[in-house]
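Asker: Quick one: this structure, given as structure tokens, is what I'll be asking you about.
The values are calculated or read from the model by the stated rules, or taken from the named source; none is laboratory data. Since this is a predicted model, take the numbers as computed values, not measurements. Neighbour counts are summed over all protein chains in view; Cβ atoms, including those assigned to glycine, are modelled from backbone coordinates with ideal geometry. These area figures cover heavy atoms from the full protein model, side chains too; ligands, DNA and RNA do not enter into them. Shrake-Rupley method; radii C 1.70, N 1.55, O 1.52, S 1.80 Å.
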Number of protein chains: 2
Amino acid sequence: MTLKERIVRRAGTLFYQYGIKNVSMDDLASSLGISKRTLYENFRDKEEVLLTYLAGKRDERNNKIVEVINRSENMIEVFLYLIEYHKNKDLPSIKFYEDIYKYYPRIYKLIQQDVENNKIHIKTYLQQGIDQGYIRGNLNVDVAAFLVEESTYTYIRAAYLEKPPFSFQQLFFTMMVNFIRGISTYKGIQIIDDYLTNKTNENN
Amino acid sequence: MTLKERIVRRAGTLFYQYGIKNVSMDDLASSLGISKRTLYENFRDKEEVLLTYLAGKRDERNNKIVEVINRSENMIEVFLYLIEYHKNKDLPSIKFYEDIYKYYPRIYKLIQQDVENNKIHIKTYLQQGIDQGYIRGNLNVDVAAFLVEESTYTYIRAAYLEKPPFSFQQLFFTMMVNFIRGISTYKGIQIIDDYLTNKTNENN
């Protein structure tokens, strides 16, 4: 791992946990045991660190999707792989999202553009699933693609609950499985229900 | 209809369309062709009008649910009736929600309490659906109840889209049908898919 990569990875961990405003370039340097000077030789400012981190996350996610599509038999398998892949990932604190919204409007705009691009991809995948006979043909794919991207905001709202009666992992899993099951034909639902049955057995 | 009812109904229409801040007690009185004095004889202030309006809406909704439950054979039918009932209802403008959030914190709190109460009811209905064999037993009902109530916020977020590629009716319908289909057993899905097939035929 290069120093640049080490910096970005550590920054990501700290931002996720404490938000962005609360983590100074000083904090970041000392957390890595490097001088502030070395840090600034690699990145102009905190915004550049954040931008590099987010771009890396986006590429990682997109590469994962391409990899999963290449080894899957159908779109339902793709979605289930992605659920498995994401379900135990750490999710950022609310402060992370709030800080981007409040203090980094340029980055917030970039994220919104990403969301719009994602919707285009999701629509293509949904259409492939329909053509394969795994997703129902009467689905409004524009609404469905919107709902997939909205799940992030549902997560954010859940973080504001005073006493959530579920974990974020449970929320993510139920929300995603339920969504895919809702859009699937019988052929697709069979795959999902087999997956759920195996899960239940695993946990016993 | 009593004068009080007429006032509340007109206020609701105006609030839904223009938000609450933009509609003065003067506007309301003149829109009804009554004097401001008469208006104030019936309601102390705008907040009281708004509160009465929202309480009426809540009672109407709850009565509808009880009525639908009494004449339905199972919980899937209940949900489908409620989708039919709501799908062509006017939805308030974003300003309506924003104004409550910004200017009526007391009412905002009451709405949040309503949401919490709704979740308890929804959980009961979901459990009944599970007992009847129409809703899958491996569903996390806490998450599911949360997701039903979240749909309002998804609608609010959709209203901020610059160029939504769907109508609000399409959003509501797809979101709700997909949710119910996701939580249903095969027995339940059959009812939903018959309903969707009939819909498609109606529209041709």
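Asker: Mean residue ellipticity at 222 nm from the helices of chain B, using -39,500 (n - 2.57) per DSSP H segment of n ≥ 4 over the full residue count, to the nearest 500 deg cm²/dmol?
Answerer: Helix contribution divided over all residues of chain B: -26000 deg cm²/dmol.
Asker: Relative to the Cα centre, what is the charge dipole magnitude of the protein assembly as shown, using +1 at the beta carbon of each Lys and Arg, -1 at the beta carbon of each Asp and Glu, and rounding to the nearest 20 debye?
Answerer: Dipole of the protein assembly as shown, to the nearest 20 debye: 840 debye.
Asker: Related question: Calculate the mean, over all residues of peptide A:143-152, of how many other protein chain Cβ atoms lie within 10 angstrom of the residue's Cβ.
Answerer: Shielding by partners across A:143-152 averages 5.
Asker: From the backbone phi of region B:172-177, what are the Karplus-calculated ³J(HN,Hα) couplings (6.51 cos²θ - 1.76 cosθ + 1.60, θ = phi - 60°) in whole Hz, Gly and Pro given as x?
Answerer: Result, rounded to whole Hz: 4, 5, 4, 4, 6, 4.
Asker: Separate question: Counting Lys and Arg as +1 and Asp and Glu as -1, each charge on the Cβ, what is the dipole of region A:4-129 about the Cα centre in debye, to the nearest 20?
Answerer: 240 debye
Asker: Only Cα pairs within less than 10 Å get springs; with that Gaussian network setup on chain A, which residue of A:Glu48, A:Glu150, A:Glu162 has the largest fluctuation?
Answerer: Of A:Glu48, A:Glu150, A:Glu162, the Gaussian network model singles out A:Glu162 as fluctuating most.
Asker: Please compute, for peptide A:195-202, the average count of beta-carbon atoms on other protein chains lying within 10 Å of each residue's beta-carbon.
Answerer: Across A:195-202, the average partner-chain Cβ count within 10 Å equals 1.
Asker: Another question, then. Give me the accessible area per residue for chain B, probe 1.4 Å, as a whole number in Å².
Answerer: 54 Å²
Asker: For B:Lys87 paired with A:Lys57, estimate the spin-label separation in nm (one decimal), with each label point 7 Å from Cα along the Cα-to-Cβ line.
Answerer: 3.7 nm
Asker: What relative contact order, as a whole-number percentage, does region B:1-57 give when Cα pairs under 8 Å and 6 or more residues apart are counted?
Answerer: It rounds to 42 percent for region B:1-57.
Asker: List the distances, in nm and shortest first, from the label point of B:Thr200 to the matching label points in every other copy, placing each point 7 Å from Cα along the Cα-to-Cβ direction.
Answerer: 3.0
Asker: Rounded to whole angstrom, how close does the nearest chain B beta-carbon get to the axis mapping B onto A, and which residue is it?
Answerer: B:Gly182, 2
Asker: For A:Lys187, go 7 angstrom from Cα along the Cα-to-Cβ vector, then report the distances to that same point in the other copies in nm, smallest first.
Answerer: 2.7
Asker: For the protein assembly as shown, what class follows from the C-alpha gyration tensor (a ≥ b ≥ c being the square roots of its eigenvalues): rounded when a/c is under 1.5, otherwise prolate if a/b is larger than b/c, else oblate?
Answerer: Oblate.
Asker: Given a 1.4 angstrom probe, I'd like the percentage of the accessible area of region A:1-53 that is carbon and sulfur, rounded to a whole number.
Answerer: 46 percent
Asker: Summed for both chains, how many Å² of accessible area, to the nearest 100, are buried between A and B with a 1.4 Å probe?
Answerer: 3000 Å²
Asker: A further question on this structure: Could you check the simple spin-label distance between A:Leu3 and B:Lys109, using points 7 Å along Cα→Cβ, in nm with one decimal?
Answerer: With each label point 7 Å from Cα toward Cβ, the separation is 5.5 nm.
Asker: If you find the alpha carbon centre of region B:1-20 and of region B:173-204, how far apart are they in angstrom?
Answerer: Between the Cα centre of region B:1-20 and that of region B:173-204, the gap is 35 Å.
Asker: How much of the accessible area of region A:97-165, probe 1.4 Å, is carbon plus sulfur, in whole percent?
Answerer: Accessible surface attributable to carbon and sulfur in region A:97-165 totals 52 percent.
Asker: Then there's this: Calculate the mean, over all residues of peptide B:183-189, of how many other protein chain Cβ atoms lie within 10 angstrom of the residue's Cβ.
Answerer: Other-chain Cβ atoms within 10 Å of each residue's Cβ, averaged: 3.
Asker: Taking Cα centroids, how far is region B:53-69 from region A:34-84 in Å?
Answerer: With region B:53-69 and region A:34-84 each reduced to a Cα centre, they are spaced 47 Å.
Asker: If you place +1 on the Cβ of every Lys and Arg and -1 on the Cβ of every Asp and Glu, how big does the dipole about the Cα centre of region B:72-203 come out, in debye to the nearest 20?
Answerer: 320 debye
Asker: Within region A:79-109, whose backbone N sits under 17 Å from a point 7 Å along Cα→Cβ of A:Thr13?
Answerer: Answer for this model: A:89-93.
Asker: Of all trypsin sites (Lys or Arg not before Pro) in region A:103-169, which ones are in loop regions per DSSP and have a Cβ with at most 12 other Cβ atoms within 10 Å?
Answerer: none
Asker: Now for a different question. What is the distance in Å between the Cα centres of region B:107-127 and region B:150-165?
Answerer: A separation of 21 Å, based on Cα centres.
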